[in-house]
Amino acid sequence: MILIISDFLETLNERQITSGFAEMLKHGLIRNVEYWESLKDVTSLFELRNHILPSVALKNDIVLQDPTEQNIRKVLNYGHTLGHAIESYFLENENKETLLHGEAIAIGMITEGYLSCKLTGLTQGELEDIKSTFFKYYSKVDFTDGDITAILELLKYDKKNSHGNINFVLLKHIGETQIDVTVPTDMFKEAFAYYME
């Protein structure tokens, strides 16, 4: 049995709540456009109780279909390929303020949204919707060219790599994904440029 006691959310500060909210937004992006739309209008991140059950149900449905992450469960990694590299870079670099997991993944979802627009059919309108929604809740982070080069170097260690390829989960549309997409390396810097523009 898993117990979810939402009263404990009141022990967290707003930054921690916002970090966790990124994963809920991800569930909408990868699986359910209506859920995504319902989350975009959340005005207080402390009023998320009504969205916890649908988020858990979406994730549970995916995990039950693929308990050992051979196929469909990979969709839960959307935003995490670049996001984990960003998170690791900020953790390891003492000159940078540490990013919380959700803050790094939010950047990953915008940059991987850009890649989705270039490679798997996500429309420009959907991409702009993703970017504007995340910037509503998360502050923009500045990246130097040196930062980006170091982050891209960390991609080599991603758990989803196979035979030397960096595999991404990208969006065909909001609510629909494509797994195991190999991305041309010259697109990574374009994705960061889109994030920062």
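Residues in segment 45-71 that are touching a Ser or Thr at 6+ places or on another chain (Cβ under 9 Å) and among the hydrophobic types (A, V, I, L, M, F, W, C): 3 in all.
When we screen Thr18, Thr11, Thr43 for residues that are polar (S, T, N, Q) and within 14 Å of the chain's Cα centre (by Cα), the only hit is Thr18. Is it the case that Glu112 is of a type outside the set (Lys, Arg) and surrounded by fewer than 21 Cβ atoms within 10 Å (Cβ to Cβ)? No, not satisfied.
Could you say whether any residue in segment 103-125 is part of a helix (DSSP H, G or I), modelled with pLDDT of 95 or more, of a type in the set (Ser, Thr, Tyr) and touching a strand residue (DSSP E or B) at 6+ places or on another chain (Cβ under 8 Å)? Can you show your working first?
We begin by selecting, within segment 103-125, every residue part of a helix (DSSP H, G or I); these are 103-119, 124-125.
Checking the rest, the ones that are also modelled with pLDDT of 95 or more come to 103-119, 124-125.
Checking which are of a type in the set (Ser, Thr, Tyr) leaves us with 111, 114, 116.
If we keep only those that are touching a strand residue (DSSP E or B) at 6+ places or on another chain (Cβ under 8 Å) too, we end up with 116.
Checked against the condition, which is being part of a helix (DSSP H, G or I), modelled with pLDDT of 95 or more, of a type in the set (Ser, Thr, Tyr) and touching a strand residue (DSSP E or B) at 6+ places or on another chain (Cβ under 8 Å), segment 103-125 yields at least one hit.
Going residue by residue through segment 144-161, is there one that turns out to be β-branched (Val, Ile, Thr), free of Cβ contacts under 8 Å to residues at least 40 places away in the same chain and farther than 18 Å from Val33 by Cβ? There is at least one residue in segment 144-161 that is β-branched (Val, Ile, Thr), free of Cβ contacts under 8 Å to residues at least 40 places away in the same chain and farther than 18 Å from Val33 by Cβ. Consider segment 173-186 and keep the residues that are touching a helix residue (DSSP H, G or I) at 6+ places or on another chain (Cβ under 8 Å) and exposed (fewer than 14 other Cβ atoms within 10 Å of the Cβ). The one that is modelled with the highest pLDDT is Asp180.
Looking across segment 37-54, just one residue is within 17 Å of Asp7 (Cβ to Cβ) and either hydroxyl-bearing (Ser, Thr, Tyr) or in contact with a Cys (Cβ under 7 Å, 6 or more places away or on another chain) (or both), and that is Ser44. Could you list, in sequence order, the residues of segment 57-75 that are more than 16 Å from Ile166 (Cα to Cα), part of a helix (DSSP H, G or I) and in contact with a helix residue (DSSP H, G or I) (Cβ under 7 Å, 6 or more places away or on another chain)? Once the filter is applied, which keeps residues that are more than 16 Å from Ile166 (Cα to Cα), part of a helix (DSSP H, G or I) and in contact with a helix residue (DSSP H, G or I) (Cβ under 7 Å, 6 or more places away or on another chain), segment 57-75 yields Leu58, Lys59, Ile62, Val63, Gln65, Ile72, Arg73.
Picking from residues in segment 163-172 that are surrounded by 13 or more Cβ atoms within 10 Å (Cβ to Cβ) and not charged (D, E, K, R), the one that is modelled with the lowest pLDDT is Ile166. Applying the criterion of being part of a helix (DSSP H, G or I) and of a type in the set (A, V, I, L, M, F, W, C) to the residues of segment 1-17, the residue that is farthest from Ala106 (Cα to Cα) is Phe8. Taking the numbered list (1) under 16 Å from Ala191 (Cβ atoms); (2) surrounded by fewer than 21 Cβ atoms within 10 Å (Cβ to Cβ); (3) in contact with a helix residue (DSSP H, G or I) (Cβ under 7 Å, 6 or more places away or on another chain) in turn, Leu122 passes all entries but (2). Looking at segment 81-102, which of its residues are among the hydroxyl-bearing types (Ser, Thr, Tyr), surrounded by fewer than 22 Cβ atoms within 10 Å (Cβ to Cβ) and assigned to a helix (DSSP H, G or I)? If the condition is that a residue be among the hydroxyl-bearing types (Ser, Thr, Tyr), surrounded by fewer than 22 Cβ atoms within 10 Å (Cβ to Cβ) and assigned to a helix (DSSP H, G or I), then Ser88, Tyr89 are the ones that fit.
Residues that are in contact with an Asp or Glu (Cβ under 9 Å, 6 or more places away or on another chain) and either within 22 Å of Lys74 (Cβ to Cβ) or assigned to a helix (DSSP H, G or I) (or both) within segment 18-48 comprise Thr18, Ser19, Ala22, Gly28, Ile30, Arg31, Val33, Trp36, Lys40, listed in sequence order.
The values are calculated or read from the model by the stated rules, or taken from the named source; none is laboratory data. Just so it is clear, the model here is predicted, and its values are computed rather than measured. Methodologically, a virtual Cβ is constructed for each residue, glycine included, from the backbone with ideal geometry; neighbour enumeration extends over all protein chains shown.
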